[in-house]
Each structure stands twice: as structure tokens, then as C-alpha cells.
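A quick write-up on the structure given underneath.
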Amino acid sequence: KQWYQRRVRGSVGTMVNFPKEVKTYCRHCKAHQKWKVTQYKKGKDSLYAQGKRRYDRKQAGFGGQTKPVFHKKAKVTKKITLKMKCEKCSCLKMKNLGRCKHFELGAEKKKKGPTITADNGLTLIV
């Protein structure tokens, strides 16, 4: 049984719940290891990249906005990418999950069946 679910091409999941720790193969260790999972975040844009320098140079002075500003946003969701780090050798790898409307990392799984709450505050699942 695989620890991730394969998606049908073009489908968007409404909610994805992914564990914070998975056990999978590490190429560096050449064995299965535990991996810590975090959500990938984009880094801060560099002020010294060629495109940024060119844009700032063009914008300087009089004349207002020189390049078009994008307004026609078509997508509702963003693609989810996971960053996985091996606990033994600290080797990193990325895993693309695709699009989903709501993403949770390490949330508790929902229990099926009716729940019965006793007088002393304990919850029983039937």
C-alpha cells in the first residue's frame, strides 16, 4: 500500500490531508528511512536578478507604469509541492501533489461511524 494516492489527470481534490512523517526510500542511504514532510514555500525574490534590475531601470523616472500588470487570474487553486528531508542523512527531495482546494499537513484522520459521548466526558466510537 503506497503512502500517497495517485491522482486522475485533470482532477482537483477538495481536501488533502498528508502525514508530517513518512517512511520511504532514500537514494543516498540506499534504504527506507523516515522523512520529515513540510510544505514548500517560494523564497524571497532577489533584488539583483537581471529581470528585476531591468524592470527597475525601466520604471525609474517619469512616465508611470511601463510594463503590463496581469489582472486576468484564471486559476482558483495553487499546486502543492512537498519538501521531504531524510532524518538520517538530511537529503532533500520534492514531491508534487498537484492542485487541491484545501491542504492539511499532519491533521488527525476523521473517524467513521457515530460517536457516543459518556457522562464522564469520554468519547466512544462504535
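The values are calculated or read from the model by the stated rules, or taken from the named source; none is laboratory data. Treat the numbers as computed from the prediction; the structure is a model and nothing was measured. When we count neighbours, we look across all protein chains shown, and the Cβ atoms used for this are built from the backbone with ideal geometry, even at glycine. Protein only, heavy atoms only, side chains kept; ligands, DNA and RNA dropped before computing areas. Shrake-Rupley method; radii C 1.70, N 1.55, O 1.52, S 1.80 Å.
Any residue that is assigned to a loop (DSSP other than H, G, I, E, B), modelled with pLDDT under 95 and of a type in the set (D, E, K, R) - is there at least one of those in the range 99-107?
Looking for residues that are assigned to a loop (DSSP other than H, G, I, E, B), modelled with pLDDT under 95 and of a type in the set (D, E, K, R), one finds none in the range 99-107, hence no.
Which of the residues belonging to the range 72-85 are part of a loop (DSSP other than H, G, I, E, B) and open to solvent by 100 Å² or more (accessible area, probe 1.4 Å)?
Selection gives Lys72, Lys73, Lys75, Val76.
Quick check, is Lys88 assigned to a loop (DSSP other than H, G, I, E, B), under 30 Å from Cys26 (Cα atoms), open to solvent by 50 Å² or more (accessible area, probe 1.4 Å) and touching a His at 6+ places or on another chain (Cβ under 9 Å)?
It is true that Lys88 is assigned to a loop (DSSP other than H, G, I, E, B), under 30 Å from Cys26 (Cα atoms), open to solvent by 50 Å² or more (accessible area, probe 1.4 Å) and touching a His at 6+ places or on another chain (Cβ under 9 Å).
Hey, among Tyr55, Tyr40, Tyr48, which residue is under 30 Å from Asn96 (Cβ atoms) and in contact with a Ser or Thr (Cβ under 7 Å, 6 or more places away or on another chain)? Spell out how you get there, then give the answer.
On the way: Tyr55 fails: in contact with a Ser or Thr (Cβ under 7 Å, 6 or more places away or on another chain); Tyr48 fails: in contact with a Ser or Thr (Cβ under 7 Å, 6 or more places away or on another chain).
Result of the check over Tyr55, Tyr40, Tyr48: Tyr40.
Which of the residues spanning the range 22-31 are free of Cβ contacts under 8 Å to residues at least 40 places away in the same chain and open to solvent by 70 Å² or more (accessible area, probe 1.4 Å)?
Lys23, Tyr25, Lys30
Being aromatic (Phe, Trp, Tyr) and not in a helix (DSSP H, G or I) is the filter; apply it to the range 32-71 and report the residue that is most open to solvent (accessible area, probe 1.4 Å).
Within the range 32-71, the match that is most open to solvent (accessible area, probe 1.4 Å) is Phe62.
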